[in-house]
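Just below is one structure, and these are the notes that go with it.
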Amino acid sequence: MISIQGKGVSTGVAMGPLYYYQRAKSVIRRYQVEDAAAEWDRFKAAQAKAVEQLGDLAEKAREEAGDEAALLFETHQMMAEDMDYEEAIQGLINDEKLNAEAAVTDVAAQFAEMFAQMDDTYMQARAADVKDVSGRIIGILTGVVQGGIDSPVPVVLAADDLAPSETVQLDKSKILGFITEGGSGSSHTAILARTMGIPAIIGVGNQLKPEFEGREVIVDGSTGSIVVDADDATRAVMMAKREEQLKRQKLLEQLKGQPNITKDGQSIKVFCNIGNPEDVAAVLSNDGGGIGLFRSEFLYLNCSDYPTEDYQFEAYKKALSDMGGREVVIRTLDIGADKQIDYFQMPKEENPALGNRALRICLNRPEIFKTQLRALYRASAFGKLGIMFPMVTSVWEVKEARKMCELVKKELTEEGKPFADDVQIGIMIETPAAAVMSDRLAKLVDFFSCGTNDLTQYTLACDRQNNDLGRFFNPHHPAVLRLLKMVCDNAHRNGVWVGICGELGADLELTETFLSIGIDELSVSPRSVLPLRQKIREVTVSEVKEKVLGELLSDEITL
């Protein structure tokens, strides 16, 4: 039996085979083949499998988001079987005796360059498509599985860490839990695990060895402990703990349908954070009151080219329709920093967390922003929509964003396309600048939503992705909590409601604080709804408010 210790970031106990995430190889081997005919057969088999995979993805996309969404994968199918593309690869294999992986790589580069040089913008965009299709074929040839998991049974997935673009492609049905070498509690792997309601452990470093793959592991996301090849006694203890957690979850089920109201009558909304329309099922099954954060960037991460207006419209429409009239707040595109997308062709930055990201990209590239806003307003006809702008630091940014909203509404009216006239406009408070300027910003919007992950990072000058910083990254820091109190006061003076959509919203140690400073809404992962509701219903705010605010605002220092 081998014991490993990491940091738990999503609670629960899981047991299953350990599986290392398969990442595509960045360097493709080049060599001469003796049997060109056999090598061509290798390519044709990989091509056929790629076409089959793309067909499955097209059907899945059609079921989830309509025909427009399926069109992308159907286009990729046709590209994979394009005669010119095939002939170019066959020529390299037959004439130069090049191995299939290298031949596909060379032809992909050649075709991508050809498309990129064309004058037509539609054809230019096909450069990304040919790279994506070729990458899929190369992955099959090299044994790397799209989505990173090739297992007939669910696994405990291990990786150094996972980029957002990798997490969106995972086959969620195959994952029992996560283990990562690095990462942080606010990494996308951790956020995904909490959304899925499965255990996750980060920061294990080099304790996981290659020879552990396939062996049975038990992970405890509450303590951060991992056991490889557990003995009978340890397995019994861990499984008993898992049963206790399942029993507790069943008790929490009794809270479904109950109000989020304290013992002395203070009410607060409990909403959910999601990354795609399919997550709505988890929101509803966990009795979330609405969606406080729909991370729309995951739609972009899941595409090999800019998602069209219709593609986005179908996704937003589905989420709003499935929520049946409950509030849905959709955050506009928030990429940059740790969320990079190849087809955006963003220049490398020395400090991307402080660079061109989120609303800054949208204001610098208005054609992208306008496409998304058109999709959002069209979808607003199917539910109760709120639009939220991320990474705000000044009044002028909000004014510019609102101008674009008015332009879009004017265009849709002229085109006769319906949209709701009661769409709420809000901003994320995730920079100290936005918090300090919240008295002025409140005059321009209907709501604030505090992104505590980034607000903590920027307030404490502490990289939230750097697990080595440990105790220095402290979301409970008085500076962060005082900023939240300031934001609440400024918002309420101007008739604006305030939510928290960062991971701090689910921190039960701070629920009393949030109720005391006047937070109106907490948006958390779906599995956190019922534990949070239980905590809210146990609090008497009038009994704790004076103590909480006294500690928060006190200037006394104990040495």
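Before we move on, is residue 520 among the acidic types (Asp, Glu), outside the structural domain of residue 187 (by TED's automatic domain parsing), at negative phi and out of contact with any strand residue (DSSP E or B) (no Cβ under 7 Å at 6 or more places or on another chain)?
On the way: among the acidic types (Asp, Glu): yes; outside the structural domain of residue 187 (by TED's automatic domain parsing): yes; at negative phi: yes; out of contact with any strand residue (DSSP E or B) (no Cβ under 7 Å at 6 or more places or on another chain): no.
So residue 520 fails the test.
(1) over 33 Å from the mean Cα position of the chain (by Cα); (2) buried (at least 18 other Cβ atoms within 10 Å of the Cβ): which one isn't true of residue 38, the others all being true?
Among (1) over 33 Å from the mean Cα position of the chain (by Cα); (2) buried (at least 18 other Cβ atoms within 10 Å of the Cβ), the lone unmet condition for residue 38 is (2).
When residues of the stretch 416-444 are filtered for being under 25 Å from the mean Cα position of the chain (by Cα) and assigned to a loop (DSSP other than H, G, I, E, B), how many remain?
Count: 3.
So which residues in the stretch 17-32 are modelled with pLDDT of 90 or more and crowded, with 19+ Cβ neighbours inside 10 Å, if there are any at all?
Within the stretch 17-32, 18, 19 qualify.
Residues are listed down the side, and each one gets a yes or a no for (1) within 27 Å of residue 73 (Cβ to Cβ); (2) touching a strand residue (DSSP E or B) at 6+ places or on another chain (Cβ under 8 Å); (3) polar (S, T, N, Q):
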residue: 308; (1), (2), (3): yes, no, yes
residue: 321; (1), (2), (3): yes, no, yes
residue: 332; (1), (2), (3): yes, yes, yes
residue: 342; (1), (2), (3): yes, no, no
residue: 355; (1), (2), (3): no, yes, no
residue: 368; (1), (2), (3): yes, no, no
residue: 374; (1), (2), (3): yes, no, no
residue: 382; (1), (2), (3): yes, no, no
residue: 385; (1), (2), (3): no, yes, no
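Does at least one position in the stretch 502-509 carry a residue that is over 22 Å from the mean Cα position of the chain (by Cα), closer than 20 Å to residue 436 by Cβ and either surrounded by 15 or more Cβ atoms within 10 Å (Cβ to Cβ) or touching a residue at least 12 places away in the same chain (Cβ under 8 Å) (or both)? Write out each step before concluding.
If we filter the stretch 502-509 for residues that are over 22 Å from the mean Cα position of the chain (by Cα), which is where we start, we get 508-509.
With closer than 20 Å to residue 436 by Cβ added as a condition, the list becomes none.
No.
For residues that are out of contact with any Asp or Glu (no Cβ under 8 Å at 6 or more places or on another chain) and more than 14 Å from residue 431 (Cα to Cα), scanning just the stretch 482-498, find the one that is surrounded by the most Cβ atoms within 10 Å (Cβ to Cβ). So that I can check it myself, show each step before the final result.
Pass one, the stretch 482-498, residues out of contact with any Asp or Glu (no Cβ under 8 Å at 6 or more places or on another chain): 482-489, 491-492, 495.
After this cut, where a residue has to be more than 14 Å from residue 431 (Cα to Cα) as well, the list is 485, 488-489, 491-492, 495.
Values: 485: 20, 488: 22, 489: 14, 491: 25, 492: 14, 495: 9.
So, considering only residues that are out of contact with any Asp or Glu (no Cβ under 8 Å at 6 or more places or on another chain) and more than 14 Å from residue 431 (Cα to Cα), the one surrounded by the most Cβ atoms within 10 Å (Cβ to Cβ) is 491.
Among the candidates 431, 456, single out the residue that is in contact with a Pro (Cβ under 6 Å, 6 or more places away or on another chain), assigned by TED's automatic domain parsing to the domain that holds residue 354 and not basic (Lys, Arg).
Numbers: 431 fails: in contact with a Pro (Cβ under 6 Å, 6 or more places away or on another chain).
Only one candidate qualifies: 456.
Just for the stretch 451-473: of the residues that are assigned to a loop (DSSP other than H, G, I, E, B) and either among the basic types (Lys, Arg) or farther than 27 Å from residue 329 by Cα (or both), which one is farthest from the chain's Cα centre (by Cα)?
The residue in question is 461.
Exactly one of (1) part of a helix (DSSP H, G or I); (2) closer than 20 Å to residue 304 by Cα is unmet by residue 94. Its number?
If we test residue 94 against (1) part of a helix (DSSP H, G or I); (2) closer than 20 Å to residue 304 by Cα, just (2) comes out false.
Go through 471, 464 for me and flag whichever is of a type in the set (Lys, Arg) and in contact with a helix residue (DSSP H, G or I) (Cβ under 6 Å, 6 or more places away or on another chain). Walk me through how you get there before you give the answer.
Numbers: 471 fails: in contact with a helix residue (DSSP H, G or I) (Cβ under 6 Å, 6 or more places away or on another chain).
After applying the criteria, what remains is 464.
Looking at the stretch 74-92, which of its residues are β-branched (Val, Ile, Thr) and either modelled with pLDDT of 95 or more or in contact with a strand residue (DSSP E or B) (Cβ under 6 Å, 6 or more places away or on another chain) (or both)? Please lay out each step first, then the result.
To start, the set of residues in the stretch 74-92 that are β-branched (Val, Ile, Thr) comprises 75, 89.
Selection gives 89 alone.
Please enumerate the residues belonging to the stretch 323-339 that are at pLDDT below 95 and charged (D, E, K, R).
334, 338, 339
Mind checking whether some residue in the stretch 147-163 is part of a helix (DSSP H, G or I), surrounded by 16 or more Cβ atoms within 10 Å (Cβ to Cβ), aliphatic (A, V, I, L, M) and modelled with pLDDT of 90 or more? Outline the logic, then answer.
Step one: of the stretch 147-163, the residues part of a helix (DSSP H, G or I) are none.
Among the residues of the stretch 147-163, not one is part of a helix (DSSP H, G or I), surrounded by 16 or more Cβ atoms within 10 Å (Cβ to Cβ), aliphatic (A, V, I, L, M) and modelled with pLDDT of 90 or more, which makes the answer no.
Could you tell me which numbered condition residue 504 fails, if it satisfies all but one of (1) in a helix (DSSP H, G or I); (2) at pLDDT 95 or above?
Every condition holds for residue 504 apart from (2).
For residues that are over 20 Å from the mean Cα position of the chain (by Cα) and of a type outside the set (Gly, Ala, Ser), scanning just the stretch 310-326, find the one that is nearest to residue 281 (Cα to Cα). Give the derivation first.
Step one: list which residues in the stretch 310-326 are over 20 Å from the mean Cα position of the chain (by Cα), which gives 310, 321, 324-326.
Remaining after also requiring of a type outside the set (Gly, Ala, Ser): 310, 326.
Working: 310: 22, 326: 13 Å.
Out of the qualifying residues, it is 326.
Read through the list (1) closer than 29 Å to residue 531 by Cα; (2) of a type in the set (A, V, I, L, M); (3) at pLDDT 95 or above, then give the number of the only condition that residue 281 fails.
(3)
Can you tell me which residue among 527, 533, 471 is surrounded by fewer than 22 Cβ atoms within 10 Å (Cβ to Cβ) and of a type in the set (Lys, Arg)?
On the way: 527 fails: surrounded by fewer than 22 Cβ atoms within 10 Å (Cβ to Cβ); 533 fails: surrounded by fewer than 22 Cβ atoms within 10 Å (Cβ to Cβ).
Of 527, 533, 471, the one residue that is surrounded by fewer than 22 Cβ atoms within 10 Å (Cβ to Cβ) and of a type in the set (Lys, Arg) is 471.
Looking at this structure, is residue 419 in the same structural domain as residue 521 (by TED's automatic domain parsing) and crowded, with 17+ Cβ neighbours inside 10 Å?
On the way: in the same structural domain as residue 521 (by TED's automatic domain parsing): yes; crowded, with 17+ Cβ neighbours inside 10 Å: yes.
Yes, satisfied.
Could you please find all residues in the stretch 406-433 being more than 29 Å from residue 504 (Cβ to Cβ) and either in contact (Cβ under 8 Å) with a residue 40 or more places away in the chain or in contact with a strand residue (DSSP E or B) (Cβ under 9 Å, 6 or more places away or on another chain) (or both)? Reasoning before the result, please.
Residues of the stretch 406-433 more than 29 Å from residue 504 (Cβ to Cβ): 406-422.
Residues satisfying the conditions are 418, 419, 420, 422.
State whether the residues of the stretch 524-537 include one that is of a type outside the set (Asp, Glu), assigned by TED's automatic domain parsing to the domain that holds residue 327, out of contact with any Asp or Glu (no Cβ under 9 Å at 6 or more places or on another chain) and outside any helix (DSSP H, G or I). Can you show your working first?
Within the stretch 524-537, the subset of a type outside the set (Asp, Glu) is 524-537.
Narrowing the set further to residues that are assigned by TED's automatic domain parsing to the domain that holds residue 327 leaves 524-537.
If we keep only those that are out of contact with any Asp or Glu (no Cβ under 9 Å at 6 or more places or on another chain) as well, we get 527-528, 531-532, 534, 536-537.
Applying the additional criterion that residues be outside any helix (DSSP H, G or I) yields none.
Among the residues of the stretch 524-537, not one is of a type outside the set (Asp, Glu), assigned by TED's automatic domain parsing to the domain that holds residue 327, out of contact with any Asp or Glu (no Cβ under 9 Å at 6 or more places or on another chain) and outside any helix (DSSP H, G or I), which makes the answer no.
Do you know which of the residues in the stretch 367-407 that are in a loop (DSSP other than H, G, I, E, B) and more than 20 Å from the chain's Cα centre (by Cα) is nearest to residue 291 (Cα to Cα)? If you could, list the steps in order and put the result at the bottom.
At the first step, the residues of the stretch 367-407 found to be in a loop (DSSP other than H, G, I, E, B) are 383, 390-394.
Right, trim to more than 20 Å from the chain's Cα centre (by Cα) and you get 383, 393-394.
On the way: 383: 12, 393: 24, 394: 26 Å.
Applying the filter and picking the extreme gives 383.
Going through the stretch 205-249 one residue at a time, which ones are polar (S, T, N, Q), assigned to a helix (DSSP H, G or I) and modelled with pLDDT of 90 or more? Show your work before the answer.
We begin by selecting, within the stretch 205-249, every residue polar (S, T, N, Q); these are 206-207, 222-223, 225, 234, 245, 249.
Retained after the next criterion (residues that are assigned to a helix (DSSP H, G or I)): 234, 245, 249.
Residue satisfying the conditions is 234 alone.
Conditions tested, residue by residue: (1) in contact with a helix residue (DSSP H, G or I) (Cβ under 8 Å, 6 or more places away or on another chain); (2) crowded, with 20+ Cβ neighbours inside 10 Å; (3) over 24 Å from residue 497 (Cβ atoms).
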{"site": "312", "(1), (2), (3)": "yes, yes, yes"}
{"site": "316", "(1), (2), (3)": "yes, yes, no"}
{"site": "319", "(1), (2), (3)": "yes, yes, no"}
{"site": "327", "(1), (2), (3)": "no, no, no"}
{"site": "330", "(1), (2), (3)": "yes, yes, no"}
{"site": "337", "(1), (2), (3)": "yes, yes, yes"}
{"site": "361", "(1), (2), (3)": "yes, yes, yes"}
{"site": "392", "(1), (2), (3)": "yes, yes, no"}
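Residues being surrounded by fewer than 24 Cβ atoms within 10 Å (Cβ to Cβ) and at negative phi: count how many of those fall in the stretch 199-219. Talk me through it step by step, then tell me what you get.
Start the filter on the stretch 199-219 by keeping residues that are surrounded by fewer than 24 Cβ atoms within 10 Å (Cβ to Cβ), which leaves 203-216.
When the remaining residues are screened for being at negative phi, the result is 204, 206-213, 215-216.
Looking only at that region, the number is 11.
Just one of 74, 101 is of a type outside the set (Ser, Thr, Tyr), without any contact (Cβ under 8 Å) to a residue 24 or more places away in the chain and assigned to a helix (DSSP H, G or I); which is it?
Numbers: 101 fails: without any contact (Cβ under 8 Å) to a residue 24 or more places away in the chain.
Of 74, 101, the one residue that is of a type outside the set (Ser, Thr, Tyr), without any contact (Cβ under 8 Å) to a residue 24 or more places away in the chain and assigned to a helix (DSSP H, G or I) is 74.
The values are calculated or read from the model by the stated rules, or taken from the named source; none is laboratory data. Note that this is a predicted model, so its numbers are computed, not measured. Note that each Cβ is placed from the backbone with ideal geometry, even for glycine, and that neighbours are counted across all protein chains shown.
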